[in-house]
1. Look through A:ASP157, A:ASP100 and report the one residue that is in a loop (DSSP other than H, G, I, E, B) and closer than 20 Å to B:SER94 by Cα.
2. Looking at segment B:26-68, which of the residues that are surrounded by 16 or more Cβ atoms within 10 Å (Cβ to Cβ) and more than 8 Å from every other protein chain (Cβ to nearest Cβ) is farthest from B:THR90 (Cα to Cα)?
3. Of the conditions (1) facing chain B (nearest Cβ under 8 Å); (2) in contact with a Leu (Cβ under 7 Å, 6 or more places away or on another chain); (3) in contact (Cβ under 8 Å) with a residue 24 or more places away in the chain, A:GLU50 fails just one. Which one is it?
4. Which residues, counting only those in segment A:9-26, are more than 42 Å from the chain's Cα centre (by Cα) and of a type in the set (S, T, N, Q)?
5. Consider A:LEU21 carefully, then state whether it is open to solvent by 80 Å² or more (accessible area, probe 1.4 Å), at pLDDT 80 or above and within 8 Å of chain B (Cβ to nearest Cβ).
6. Checking the structure you have, find out if any residue of segment B:82-102 is within 30 Å of B:ASN121 (Cα to Cα), facing another protein chain (nearest Cβ under 9 Å) and surrounded by fewer than 14 Cβ atoms within 10 Å (Cβ to Cβ).
7. Name, by its number, the condition in (1) within 14 Å of chain A (Cβ to nearest Cβ); (2) open to solvent by 20 Å² or more (accessible area, probe 1.4 Å); (3) out of contact with any strand residue (DSSP E or B) (no Cβ under 7 Å at 6 or more places or on another chain) that does not hold for B:VAL106.
8. Starting from segment A:1-22, keep only residues that are within 11 Å of B:ALA14 (Cβ to Cβ), then list their pairs with residues that are open to solvent by less than 40 Å² (accessible area, probe 1.4 Å) and of a type in the set (S, T, N, Q) whose Cβ atoms are within a distance under 6 Å, requiring at least 6 positions of separation or different chains.
Amino acid sequence: MNDKAQIHTLEGLFAATLMVLTVMLITRSSLIITPQSELSMDVQLKQTAEDALAILDMAPGTALQFNLTELVAGGNMTEATPQDNSLKPLDTEIDTQLNDIMYNVDLAYVENDTLTVKHAIIHGAPVENSVVATRPVTLYNSTVTQAGGAWNVSSNDVKVVEVRLIAWRV
Amino acid sequence: MAGIIDDTDGQWIALSGLTISISLVLVAILVNEAAITGYYSSYAALEFPKEKIREITAQTQESAKNAAQLAWNYSGGLHATNESVLNNFTALLSNYSAQMNTIYAVHGETVNITLSKAVFNSSHSIDIIWLNISYDDGTTRYTSEPEIIEVKQ
């Protein structure tokens, strides 16, 4: 037993206290870090979904055979089921855009002054962190006739349909 | 205690320990700041309705062009008058605006599209449309007054 190196002992104690304080600071920060990473993923997923609809809507005819308006205009107006999608060509196009991302598509439109929402594509039940991307398209009688759809649009009228793409990662 | 005061060995070790500890605290603060910045930037990116405003203006431009053509056709084409084309175009635009309003109201947003002015050419079809577009989601308000649309472009 001797009384040497007491400063070293105090230094060790001081350093240990600082390290504990540092670890506490980082641990408390994790409450902020966790939602930050989740939000970043949500932003990325929402942007991907928005881009997919924008590409389908605005791509030139040489890039895609049918654009979003034509794909929606060709709808047969039946409610989709998990086994039977009512807009198969649209499903094929979106599937090409969204690799490894699950999605459903709903169509919202005004009929007799009330908003009607129909499921067009169903691939499953959306999870908690799902995002929704929307894009309106305008249908005319000529567009519907050309696409062979079942929409009821008179020759001097327009029909605004909102395409709702609900996307999530599993 | 005399031993502690007189013992001056190991001062470099004590100093390096202090330096490393302070560095760790600084790094922790930096990480914390970066996380907070990321949180607020992600939140802002999700909340600001950039895509909504883009899609409303793009869709309105496209629809107004098509409605102008449809109004001209429905008014009799080359036999149309400026008044009949304007009446039909106003009715189409009003219908479009009402539907957009209902669809966006479901999201808690208001969209209003009105006709400000239409310029006709010699064949009684609309050349230039001046629209007023406004969008409000309670936080962000956007207005384009006028949104000038060249139909023949």
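1. Step by step, each of A:ASP157, A:ASP100 is checked, and only A:ASP157 is in a loop (DSSP other than H, G, I, E, B) and closer than 20 Å to B:SER94 by Cα.
2. Taking the candidates together, the pick is B:PRO49.
3. Checking A:GLU50 against (1) facing chain B (nearest Cβ under 8 Å); (2) in contact with a Leu (Cβ under 7 Å, 6 or more places away or on another chain); (3) in contact (Cβ under 8 Å) with a residue 24 or more places away in the chain, the one that fails is (2).
4. A:THR9, A:THR17
5. yes
6. no
7. Here B:VAL106 clears every test but (3).
8. That search, which allows pairs on different chains as well, returns A:ALA15/B:SER21.
The values are calculated or read from the model by the stated rules, or taken from the named source; none is laboratory data. In this text, all values refer to a predicted model and were calculated from it rather than measured experimentally. Heads up, the Cβs are rebuilt from the backbone with ideal geometry, glycines too, and the neighbour counts pull from every protein chain shown. Just the protein is used for accessible areas: all its heavy atoms, side chains included, with ligands, DNA and RNA removed. Shrake-Rupley method; radii C 1.70, N 1.55, O 1.52, S 1.80 Å.
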